[in-house]
Amino acid sequence: MLRVAAAAAVLAFAAAPALAADGAQLFNMQCKMCHGGSPMGPSLVGIAGTKIGEGTFAFSPALKNKGGTWTDANLDAFLKSPSTFAPGTKMMISVPNDENRAALVSYIKTLK
């Protein structure tokens, strides 16, 4: 039983970098156009763990007034349905696939 738990821990640790790599690929294909230096969207460098709607970007009132921080759960909920998470947000693109969202959140957390 101990071996199974140890093997599961090793696999979980090894999966995190792979998940982030998948997220990087998705980011480059789907997100980079707006979030990679364009004035259309904020840079996502260092955004994980920060207060929602704060920073130098001109965030919508919907995000400025949202409250909370960009936790894994909040990033996931926002990517799943931006307009449900923060009605009135400027972001119109959603990521409906659970695995893709998990990969993107994992990648976003590596951006420092």
Of all helices (runs of 4 or more DSSP H) completely enclosed by segment 58-112, which ones contain at least 3 residues that are within 18 Å of G23 (Cα to Cα)?
72-80, 98-108
Could you please tell me which pairs satisfy a Cβ distance under 9 Å, a separation of 6+ or placement on different chains, a first residue in segment 40-55 that is more than 13 Å from M91 (Cα to Cα) and at pLDDT 95 or above, and a second residue that is among the β-branched types (V, I, T) and assigned to a loop (DSSP other than H, G, I, E, B)?
S43/T56; A48/T71; A48/T110; G49/T71
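Look at segment 46-73 and say how many of its residues are polar (S, T, N, Q) and over 15 Å from the mean Cα position of the chain (by Cα).
Total meeting the criteria: 3.
The values are calculated or read from the model by the stated rules, or taken from the named source; none is laboratory data. Quick caveat, the model's predicted, so the values are computed rather than measured. Virtual Cβ from ideal backbone geometry, glycine too; neighbours counted across all protein chains shown.
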